[in-house]
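The values are calculated or read from the model by the stated rules, or taken from the named source; none is laboratory data. Computed from a predicted structure; not experimentally measured. Quick reminder, even Gly has a Cβ in these numbers, built from the backbone with ideal geometry, and neighbours come from all protein chains shown. All accessible areas refer to the heavy atoms of the entire protein, side chains included, with ligands and DNA or RNA removed. Shrake-Rupley method; radii C 1.70, N 1.55, O 1.52, S 1.80 Å.
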Amino acid sequence: MKKTILIIAVVLAFASCNNTSQLQNDLNDKLEALDYQSQFDKILAQCPDDDTKDAISFLYAYMPLGDIADYEPQLYLDGVKYAFMAKKEMTWGPTIPEDIFRHFVLPLRVNNENLDSARTVFYKELKDRVSGLSMYDAVLEVNHWCHEKVAYTPSDARTSSPLASVRTAYGRCGEESTFTVSALRSVGIPARQVYTPRWAHTDDNHAWVEAWVDGTWYYLGACEPEAKLNVAWFSSTALRALLMHNRVFGYYVGNEDVIQRTKCFTEINVTSNYTPVERLVVKIKDTDGKVVDGAKVEFKIYNYAELYSAITGFSDKKGEASAIFGKGDVVVWASKGDKFGYVKANSGEDSEYDIVLNRTIGDAFSEDLDIIPPMEGKVEVELSQDEIDTNNARLHYEDSLRNRYVSTFIKPSNGTREEKALAASRGNWREIMDYMTNISMSALKSDEASRERYFNGLELLNLVSEKDLRDTPSWLLLSHLDNYDGAPDEKLSDLYLKYVLNPRIANELLSPWRSDLMHDEQIAELGGSVDAIIDFVGHIKVLNQYNPQNIPITPCGVMKLRAADSNSRDIFFVAMCRAWNIPARIEEIGGKVQYWGIEKGEWIDVSFGHGHEVEDNPIGNTPKGWLKINYAGNSFLADPKFETHFTVAKISDGSINTLNFRDKEGIEGTMSWKNTFDKDVELDCGYYMLTSGTRMASGKVLCRVAFFNIVSGQTTDVELIMREDKNDLQVIGNTNAEPLLPLTGRGMFVVGFMKANHEPSNHIIRDIFREQWDMPVVLMYSSDKEFDKFVNDAFPQAPDKVMVIVDKDNLFRQICSDMKIDNPEMPLVVLADSFGRIFYVSQGYKVGITEQLRR
C-alpha cells in the first residue's frame, strides 16, 4: 500500500513539474510573440506575493489575445485576489486539488463571453448565503440564486458578460451557463460549462454546467435549479447526443479524453458522462489504396440543415484519425489538396471505416444519406413528490423576485422607435434614456447640423442590436454619433448610416474605436487613403494560434496590441475605414472584407494574407456567376426555409463553409427558397454544395447533398429535393416552445387557437373534450374577454391533460410568423414538441382532426 501511494505521489509530482515547465515555456513564447515582456513585468510588480505571481503567469500564458488587449490587468489581479479569498474562507477550499482549482476556479473566462468584475460582485453577495452549507448544498443554493437573477430567452451569438445577464434578467443557455459557472467559481466551487454544439435528433444545441463536489463532477441546468444535482430536463435528452465537450482554460491534464490542445485551452470530451460511447476510427486512402498522411478529417453532425464540423483533426502516418462519439450517425469528411471523400459512420454499428479520396474539387454529383441519431432512452430521476413540491415553491418565489426587478423596466410598446428601444434595453434603460435626452436637445435647435445629429442619433438606435441596447453605456453611443462626418451626398445617406455610422461590425463588444483610432498618431497620418489603410492593417501581426475560439478583439484592442487573429484584423480594417468616413463591411453572406469604391459605386473586395505581410494584390473582386435553385414542392412543404430545410455552402481548401444567407441584406424575416432562391442569386465563382434534409419525428434525417460549380457570367440551375417518407412523421417547421413548457413539460403536445362563439372552434373543442389524451392539449383564446365567453358556453368537463387558457404570450402570432401563415383560418391547431419542432398544422374545422392528431 505504501509503495502504491509513493508511486502515485511521484507520478503527480512529475506531472506538476512537467506542467510548471509547460506553463513557463508557453508564457515565454507568447510574451515574445507579442513583444509584451516589459508590460508583463509591470503587471507582476503589482502582485503582493509569489502565489499571486504564479496565478497571474498562468492566466496570461493561456488567455486569448483579446483578454490582454481589451481588459486592464487590475481585472485579473482582483480576480486572483478573490479566488484565493474564497479558497481560504470557504470550508471546501482546502479540499480542492491544486490542478482543479487552477483550471476550474481561478480563470474568469468561461467560454467566449465578454468579461467583467462579476467575481468580486458575486463573491460579496453569495459568501454569506452559502456559509455553513456542504459543498453539495452550496452548488444547489448558488443555482437558486442564479434563477432569481436570470431566466431563459433566446438572443444573438455575442455572449453577454455575467453582470450584463443579471442586468438584463435573461439570457440564452450559453449565457445562463456562463453566468452560473462564474457564480460558482466566485465562492471557490470548481465549475465548467458543458456544451453539445449540435444535438443529433433535433435542430438545436444546448449548454449547461458541471460542478466539482468532493471529487465528483455533477451536472445541473444553469438557472434551472432542481432538488438534487444530476437532475435536469435534458437528462434523457443527453442520451441521444453525439458529442458533449468542455474547453478547459490552459494546458490541462485530467482523466477525460482530449479532443485537442491549443495555445489557450484543452478541449475535453465528456460525452461518456451522459451516454454510451465508442471511439470511431477512420483510415484515409487514395484511389490506389495507399494510406494518406496529413489529410484534414472533419467529423460532422447534421443539424440546421448543414453538416457541422464537431471535431477536426488530421490523419497520422497510418492514415488514421479518430474521435469518441455517442452511438449515432456522423458524416466523416476527409480532404487533401483538391481531393476529398466522405462516409456516413456509426460507432454503434462499426468502429472502423475507410474513406477513399475519390472525389475532385469541381465534380458535380448528388447523393442521398439517411442519418440516424442515437436511440431514445430514459434516465430515471429519484425525487420524492415532497422534494419536487418544495423546489417548485422556491422556483415560484424566485420568479417573483426576478419579476419584481423586471417590473422596473420600461414596458414593451408598439409606439415610436424610441419607445421600442427603451423597452428593448431592459435593465440598461437609464443609459439609453440618457442617450435619448442628449440627442433630443439637438431636436430643439433650428440649425441643420443639429437636426441632422438628432436624425442620425435615432438611426443609430436602429443600427445596433438589441443586446447592444442592453449593455452599452450612453457615452459610447454618443462617442460614435459625435465623431460621424455624415454622407457626402444625400443619395448615399442610407449607405453611410449602415456602413460608416454603425458602430457594430461583427459580433465584437462595442468600443469607442471611432474617436480612439483617430487619436493615434500613426493612424492620423494615413490621411484617409484606402491604400495606406490596407498597408497599415496588413502589417498587424496575425497570431491566430493565440485566439483559437475566434473571440473578437475590439478595434481599440487591436490598435493597442498591434496584433490580432485574422478575423479581428478584418474587423479592425472595417473600423479604420469607417473612422475615415469610408463605407466598409464584412460582407454578410460569405464574410468577405469590402470597402465602398465611391468612384465606381460598388463594393470592392480586400484580401489580406494569413501572415504578417499584406498580399501583393490585395484589392480586386472575385469573378461571379449566379445560382438558381429550382423546387417543385412536395406534399408537406411549399416553401423550404434556409437553415431549417436546406443550406448552401462553398467548399474552400477542402472544407465546407455554410453561407450566411440569414443576414442577407434587403431580406426581412426568415430566409426561404421563395423569398431568396427562386430567382438568380449572385455568388463568387467556385465549388459549392446544397444540403437539404427532412427531419422526422424520430430524429432521423432524410438528407441529400448535391455538389455544383458557379461559373463566371453563367447561371447554374440546381434542384432542391426535400425527400419524403410516407410512413413516418415529418418536421415541417420550428417555433419557440419555451412559454408552453410550464404547462406541457417535455415531449409532444397539441396547441390549438380558438375563437369564441365560433362554430368551427366549438366543433374542435367538443371533439377534443370527447377523447382521453396521452399528451398535453392546450387550447388558447386571444383575450380574457374571449376566454370568458368560452367559460359561459355549455361545454362538457375538460378531460385530463386538456387545458384552456388565455394566449398571454401571443403564441398565435409567433407560430403564424414562424410557419409563414399570412391569413390564418380559425381554429388553428398545431402538433409540436418541447424542442419547438412542428409536425402538423390544421386550419379551420376538419372532420376527424382528433384522429389525425393521434395518428
Subject >> Neighbours by Cβ (under 6 Å, 6+ apart or cross-chain): first from the range 628-645, buried (at least 21 other Cβ atoms within 10 Å of the Cβ); second of a type in the set (Val, Ile, Thr) and in a strand (DSSP E or B) >> reply: 629/718
**OP:** Out of 806, 802, report the one residue that is in contact (Cβ under 8 Å) with a residue 12 or more places away in the chain, of a type in the set (A, V, I, L, M) and over 28 Å from residue 730 (Cβ atoms).
**Re:** 806
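Say whether the condition of being under 15 Å from residue 79 (Cα atoms), within 20 Å of the chain's Cα centre (by Cα) and in contact (Cβ under 8 Å) with a residue 40 or more places away in the chain is met by at least one residue in the range 149-158.
The answer is no, given that none of the residues of the range 149-158 is under 15 Å from residue 79 (Cα atoms), within 20 Å of the chain's Cα centre (by Cα) and in contact (Cβ under 8 Å) with a residue 40 or more places away in the chain.
Tell me, please, whether a residue that is part of a strand (DSSP E or B) and over 26 Å from the mean Cα position of the chain (by Cα) can be found in the range 255-275.
Quick first cut of the range 255-275, residues part of a strand (DSSP E or B) only: 257-261, 265-269.
From what's left, over 26 Å from the mean Cα position of the chain (by Cα): none.
No, the range 255-275 contains no residue that is part of a strand (DSSP E or B) and over 26 Å from the mean Cα position of the chain (by Cα).
Would you confirm whether any residue within the range 530-541 is basic (Lys, Arg) and open to solvent by less than 20 Å² (accessible area, probe 1.4 Å)? Spell out how you get there, then give the answer.
We begin by selecting, within the range 530-541, every residue basic (Lys, Arg); these are 541.
Restricting the remaining residues to those that are open to solvent by less than 20 Å² (accessible area, probe 1.4 Å) gives none.
Looking through the range 530-541, none of the residues is basic (Lys, Arg) and open to solvent by less than 20 Å² (accessible area, probe 1.4 Å).
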**OP:** Select from the range 398-425 the residues that are part of a helix (DSSP H, G or I) and among the hydroxyl-bearing types (Ser, Thr, Tyr) and write down the one among them that is most open to solvent (accessible area, probe 1.4 Å).
**Re:** 405
Subject >> Pair list, Cβ under 7 Å, 6 or more apart: the range 759-781 residue of a type in the set (Asp, Glu), other residue in a loop (DSSP other than H, G, I, E, B) and at pLDDT 85 or above >> reply: 771/799
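Restricting to the range 772-799, name every residue that is charged (D, E, K, R) and loosely packed, with under 14 Cβ neighbours inside 10 Å.
Of the range 772-799, the ones charged (D, E, K, R) are 774, 784-786, 788-789, 793.
Answer for the range 772-799, where residues must be charged (D, E, K, R) and loosely packed, with under 14 Cβ neighbours inside 10 Å: 774, 784, 785, 788, 793.
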Original post:
If we only count helices (runs of 4 or more DSSP H) wholly inside the range 478-536, which ones have 2 or more residues that are farther than 15 Å from residue 558 by Cβ and in contact (Cβ under 8 Å) with a residue 40 or more places away in the chain?
Top reply: 493-496
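Evaluate the range 779-787: report whether one residue or more is assigned to a loop (DSSP other than H, G, I, E, B), under 34 Å from the mean Cα position of the chain (by Cα) and modelled with pLDDT of 85 or more. Step through it out loud before you land on a result.
Our first condition is that a residue be assigned to a loop (DSSP other than H, G, I, E, B); within the range 779-787, this holds for 782-783.
Filter again for under 34 Å from the mean Cα position of the chain (by Cα), leaving 782.
Next, from what is left, pick out any that are modelled with pLDDT of 85 or more: 782.
So far as the range 779-787 goes, yes, one or more of its residues are assigned to a loop (DSSP other than H, G, I, E, B), under 34 Å from the mean Cα position of the chain (by Cα) and modelled with pLDDT of 85 or more.
Could you say whether any residue in the range 484-492 is modelled with pLDDT of 95 or more and crowded, with 17+ Cβ neighbours inside 10 Å?
The first filter runs over the range 484-492 and keeps only residues modelled with pLDDT of 95 or more, leaving 484.
Subsequent filtering for residues that are crowded, with 17+ Cβ neighbours inside 10 Å retains 484.
Checked against the condition, which is being modelled with pLDDT of 95 or more and crowded, with 17+ Cβ neighbours inside 10 Å, the range 484-492 yields at least one hit.
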**OP:** Name the one entry in 22, 37 that is modelled with pLDDT under 95 and not β-branched (Val, Ile, Thr).
**Re:** 22
Original post:
From the list 370, 354, which one is farther than 30 Å from residue 149 by Cβ and out of contact with any Cys (no Cβ under 9 Å at 6 or more places or on another chain)?
Top reply: 354
Original post:
Based on what the data block shows, is residue 166 open to solvent by 20 Å² or more (accessible area, probe 1.4 Å), part of a helix (DSSP H, G or I) and among the aliphatic types (A, V, I, L, M)?
Top reply: yes
Original post:
Out of all the residues in the range 460-481, which are buried (at least 17 other Cβ atoms within 10 Å of the Cβ), acidic (Asp, Glu) and farther than 19 Å from residue 515 by Cα?
Top reply: 471
Subject >> the range 426-447, residues that are open to solvent by 100 Å² or more (accessible area, probe 1.4 Å), modelled with pLDDT of 90 or more and not aliphatic (A, V, I, L, M) >> reply: 430
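Does residue 750 count as hydrophobic (A, V, I, L, M, F, W, C), crowded, with 21+ Cβ neighbours inside 10 Å and part of a strand (DSSP E or B)?
Details: hydrophobic (A, V, I, L, M, F, W, C): yes; crowded, with 21+ Cβ neighbours inside 10 Å: yes; part of a strand (DSSP E or B): yes.
Yes.
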Original post:
Any idea which residue in the range 141-154 is farthest from residue 183 (Cα to Cα), counting only those that are touching a strand residue (DSSP E or B) at 6+ places or on another chain (Cβ under 8 Å) and open to solvent by less than 40 Å² (accessible area, probe 1.4 Å)?
Top reply: 151
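For the range 169-198, which positions are under 20 Å from residue 405 (Cα atoms) and open to solvent by 20 Å² or more (accessible area, probe 1.4 Å)? I'd like the intermediate steps shown before the answer.
Our first condition is that a residue be under 20 Å from residue 405 (Cα atoms); within the range 169-198, this holds for 169-172, 175-176, 179-180, 183.
170, 172, listed by residue number.
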**OP:** State all residues of the range 359-382 that are farther than 30 Å from residue 347 by Cα and either of a type in the set (Gly, Ala, Ser) or open to solvent by less than 40 Å² (accessible area, probe 1.4 Å) (or both); if no residue qualifies, say none.
**Re:** 362
**OP:** Any chance you could count how many residues in the range 713-736 are open to solvent by less than 60 Å² (accessible area, probe 1.4 Å) and modelled with pLDDT of 90 or more?
**Re:** 7
Original post:
Does any residue of the range 426-433 turn out to be in a helix (DSSP H, G or I), over 21 Å from residue 156 (Cα atoms), in contact with a Lys or Arg (Cβ under 7 Å, 6 or more places away or on another chain) and in contact (Cβ under 8 Å) with a residue 12 or more places away in the chain?
Top reply: no
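One residue is enough: does the range 115-138 have a residue meeting the conditions among the acidic types (Asp, Glu) and in contact (Cβ under 8 Å) with a residue 40 or more places away in the chain? Before the answer, list the steps.
We begin by selecting, within the range 115-138, every residue among the acidic types (Asp, Glu); these are 116, 125, 128, 137.
This time we only want the ones that are in contact (Cβ under 8 Å) with a residue 40 or more places away in the chain, so: 116.
Checked against the condition, which is being among the acidic types (Asp, Glu) and in contact (Cβ under 8 Å) with a residue 40 or more places away in the chain, the range 115-138 yields at least one hit.
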Original post:
From the list 275, 266, 312, 287, which residue is within 18 Å of residue 202 (Cα to Cα), modelled with pLDDT of 95 or more and of a type in the set (S, T, N, Q)?
Top reply: 275
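May I ask you to list the residues in the range 195-211 that are among the aromatic types (Phe, Trp, Tyr) and not in a strand (DSSP E or B)?
Kept after step one, since they are among the aromatic types (Phe, Trp, Tyr), are these residues of the range 195-211: 195, 199, 208.
Answer for the range 195-211, where residues must be among the aromatic types (Phe, Trp, Tyr) and not in a strand (DSSP E or B): just 199.
Looking at 680, 684, 717, can you tell me which residue is farther than 22 Å from residue 591 by Cβ and touching a residue at least 12 places away in the same chain (Cβ under 8 Å)? Can you show your working first?
On the way: 680 fails: farther than 22 Å from residue 591 by Cβ; 684 fails: farther than 22 Å from residue 591 by Cβ.
From the options 680, 684, 717, the qualifying one is 717.
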Original post:
Just checking, how many residues over the range 262-288 are out of contact with any Ser or Thr (no Cβ under 9 Å at 6 or more places or on another chain) and either under 27 Å from residue 237 (Cβ atoms) or free of Cβ contacts under 8 Å to residues at least 60 places away in the same chain (or both)?
Top reply: 11
Subject >> Test result for residue 348, over 22 Å from residue 290 (Cα atoms), modelled with pLDDT of 95 or more, of a type outside the set (Asp, Glu) and not in a strand (DSSP E or B) >> reply: no
Original post:
If you check 60, 36, which single one turns out to be buried (at least 18 other Cβ atoms within 10 Å of the Cβ), under 26 Å from residue 509 (Cβ atoms) and touching a residue at least 12 places away in the same chain (Cβ under 8 Å)?
Top reply: 60
Original post:
Do we have any residue at all in the range 584-600 that's more than 18 Å from residue 263 (Cβ to Cβ) and in a helix (DSSP H, G or I)?
Top reply: no
